[in-house]
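The values are calculated or read from the model by the stated rules, or taken from the named source; none is laboratory data. Please read all numbers here as calculations on a predicted model, not as lab measurements. Because the Cβ atoms are built from the backbone with ideal geometry, glycine has one as well, and the counts that use them run over all protein chains shown. When the accessible area is computed, the model is the full protein with side chains, heavy atoms only, and any ligands, DNA or RNA have been set aside. Shrake-Rupley method; radii C 1.70, N 1.55, O 1.52, S 1.80 Å.
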Amino acid sequence: MTIRVLIADDQELVRTGFKMILDAQPDMEVVASVADGAEAVEAARRLRPDVCLLDIRMPRLDGLEVTRALAGPGVPDPLRVVIVTTFDLDEYVYGALRSGACGFLLKDSGPTLLIEAVRAAAAGDALVSPSVTVRLLEHLAAPRAAAAAPDRQPREPLTERELDVVRLIARGRTNQEVAAELFVSLSTVKTHLGSIMGKLGARNRVEIAAWAWETGLVGK
């Protein structure tokens, strides 16, 4: 099945480069390449791509606003959004995560990670690259760890084993790696993840990891 991708970036060179890389893959097709956020929202709603690659800084609507419109809380049938970042836009990226982004990609990551990011997002994997996501969450959550907001408390207390799973997810471990480290089956890990998401009100692994970092559950 072909993965249909939308690219939104105000730099023509970036759009052209991404398009050439993705269109060269046998399982991918770039269905739209736009230069501003308003165009991104319109094209995404009209074409319903499998993955939206969004820059942070764009004219008319920035990446945060576009993410909220396409994948934010309350959006029916949300799209899969991967944020393209230069890693120095703390509040923008943190806001995008809270608005429904499922992953992150550094602009200078190279073709291999770009392809990996698109395939991972299309497959429903929230962690595009564990190393990128963990570095980003660690960087963003540090000033927040000491004063977690009251509304970030779980609906029900997490069990000790669930907390173990959360810590490993926050460190970028895959389900298979979590299972191996905790000496449990893969299905048990998935069961724990379902329970954790329900208790935290999290929609994906990125939000679980974000909660762990911002509440100080995971230390540097």
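Structure notes:
- Ordered from largest to smallest accessible area (heavy atoms of protein chains, 1.4 Å probe), the residues LEU53, LEU186, LEU113 come out as LEU186, LEU113, LEU53.
- Compared with the direct C-alpha span, the chain from ASP108 to GLU156 gains 13.2 nm at full extension, assuming 0.36 nm per residue.
- Between ARG46 and LEU13, the C-beta separation translates, for a Förster distance of 22 Å, into a calculated FRET efficiency of about 0.30.
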